[in-house]
Structure formats: structure tokens, C-alpha cells
């Protein structure tokens with residue numbers, strides 16, 4: 001698939017009633033309330049810095065379809081799962097065009113199971129891909145400190161955003177981003193010698209690595225392999241299988257969200273990073289109407 005996204009002069013800068021609003025991150029650590037940007041004039045286009053229309057650092061693959069923006073993914077999920085042909089068409093579009101195209105219910109029939117609850121899960125999934133730690137988007141997100149993140153809108157969407165003129169709206173997209181920011185900040189891996197408190201994921205805990213590359217001293221590990229990398233890979237394979245098949249184990253791992261994970265490996269590679277990264281992929285946003 002040859003999909004080109006031109007950030008300099010995107011084709012979606014058109015004269016219509018859809019204007020994502022502008023928002024600039026404040027100084028790191030700022031706790032000032034976000035101030036809405038000026039009302040845009042007809043024909044002008046204003047972006048939130050975190051706009052779903054902007055490309056991810058790297059595309060992600062779902063159902064063997066590559067997605068370059070959160071917007072394309074969100075819109076494609078509105079059609080039934082078995083219509084991968086339609087999902088692929090939407091994935092291949094310019095982001096703005098995907099939002100317009102999905103309005104054609106004849107060409108792109110809405111999935112009968114599409115609900116508000118499902119739409120929130122789809123949005124959170126896409127945002128977790130976009131803002132995953134290590135990406136440039138995550139860096140921008142974490143630099144906002146405690147700043148309130150607002151999806152300023154003026155196209156009558158007071159669910160995902162907040163209206164520029166009235167400052168009313170649920171701002172669900174902004175709330176998801178702030179939820180992720182908190183999770184990324186609090187779910188960390190530390191060395192047990194750091195002096196910080198944390199939840200042990202070392203051997204002896206339910207989350208310890210059964211594999212080790214250490215051969216010259218006693219260990220609680222059950223299996224010895226040649227390298228640290230191999231030990232972590234073996235743990236990862238076993239871990240991913242267990243969270244798929246053992247519900248009790250999965251529930252116990254999910255309780256580690258927003259916890260500090262403590263082991264003895266850092267700054268060297270550690271199996272705790274496998275646990276942390278898996279947690280970052282799991283949905284956890286709870287929607288409450290405000």
C-alpha cells in the first residue's frame with residue numbers, strides 16, 4: 001500500500017464546518033486551566049496539537065491492515081469486522097476524507113454493534129498506539145505536565161470535545177489522553193536498590209522470571225539459558241500465553257497498572273519491562289458522563 005500523508009499542505013484544509021481547534025502545551029509542570037483558542041473564521045483550519053488526523057510515528061497493523069492515523073482507524077472500525085475490504089478502503093484514505101466517507105451509509109454500512117461504549121474503546125486503543133512510550137507523541141504528551149488537555153471543537157461534537165464558544169462539552173478525547181498520561185507516569189520499572197517503594201516482580205513473586213542466564217550462583221529460576229536476552233524472550237512468550245489462558249493471572253497483572261514495578265536488573269534489560277509494556281496496551285479508561 002502506497003499511502004502518503006503530506007503534513008505541509010494537507011488536502012483536508014477545505015472550506016466546511018469541521019475545524020479542529022488549536023491548543024498549545026504550556027510550560028512543563030503547569031497546572032493552569034486550558035484557555036480556548038479564538039473562534040476560527042469560516043475557511044480557516046485550527047489543529048489541536050494532538051489531532052487524530054496527524055500521522056503516527058509508525059503505522060500499526062490490525063487485521064492485516066496498516067493504519068497511519070488514529071482517525072483512519074477509528075472511522076474504519078465503524079463498519080463490521082468481516083468487511084475488511086471496506087476497512088482497507090478507509091485505511092487507505094486521507095484522514096479527513098475517511099471522516100467524510102464514513103457518512104455514506106450505503107457504501108459504508110454502520111456496524112449494528114457500534115455503540116458509544118465501543119467507540120470509546122476503539123478511540124482508547126488507537127490513542128494507546130499513537131502515544132505509546134518511546135514515540136515522539138508520548139514525549140509531547142508527557143511534556144504537558146498536569147495541564148488540562150482539551151479537544152476544543154466548534155462542530156457540535158460536545159461528547160469528544162468542548163465547544164469553543166460555550167466552553168461546554170464532555171471532552172472525552174482529552175480525558176482519555178490525561179488518563180494515559182497519568183498511567184504512563186505512574187507505571188514504572190525501578191531497581192530494588194533505588195530506595196523507592198514498589199511492587200516486587202522478582203523471583204519469589206507471582207510475576208518472576210523462571211528463566212535466567214546466570215550460571216555461577218544459586219538462583220530461584222527454574223531454567224538456565226545462554227543470554228539475558230533469551231531469558232527475557234522466554235519470559236515474554238510464557239507471559240503472553242498465560243494472560244491469554246489464565247484469567248486469574250491476568251487479573252493479578254492488571255492490578256499492577258499505575259504501580260511501580262521493582263526488580264534488580266535496571267539499568268540492564270529486565271522482564272519487568274515486558275509486564276509494563278503489556279499493561280500499557282490494556283484498556284482501562286472508565287467513562288463517566290459529566
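What follows draws every value from the coordinates through simple rules; no lab data is involved. Everything numeric here is computed off the predicted structure, so don't read it as measured data. Here the Cβ positions follow ideal geometry from the backbone for every residue, glycine too, while neighbour counts run over all protein chains shown.
Numbers at a glance
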| quantity | calculated |
| --- | --- |
| Residues within region 208-217 that are in contact with a helix residue (DSSP H, G or I) (Cβ under 6 Å, 6 or more places away or on another chain), in a loop (DSSP other than H, G, I, E, B) and crowded, with 17+ Cβ neighbours inside 10 Å, tallied | 1 |
| Total residues in region 56-87, condition touching a residue at least 60 places away in the same chain (Cβ under 8 Å) and in a helix (DSSP H, G or I) | 1 |
| Identity of the residue in region 166-205, assigned to a loop (DSSP other than H, G, I, E, B) and touching a helix residue (DSSP H, G or I) at 6+ places or on another chain (Cβ under 6 Å), that ends up farthest from residue 51 (Cα to Cα) | 201 |
| Subset tally (residues that are part of a helix (DSSP H, G or I), in contact with a helix residue (DSSP H, G or I) (Cβ under 8 Å, 6 or more places away or on another chain) and without any contact (Cβ under 8 Å) to a residue 40 or more places away in the chain) for region 245-290 | 3 |
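Every residue, every condition in (1) closer than 25 Å to residue 239 by Cα; (2) exposed (fewer than 15 other Cβ atoms within 10 Å of the Cβ), yes or no:
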| residue | (1), (2) |
| --- | --- |
| 152 | no, no |
| 160 | no, no |
| 166 | no, yes |
| 169 | no, no |
| 176 | no, no |
| 188 | yes, no |
| 205 | yes, yes |
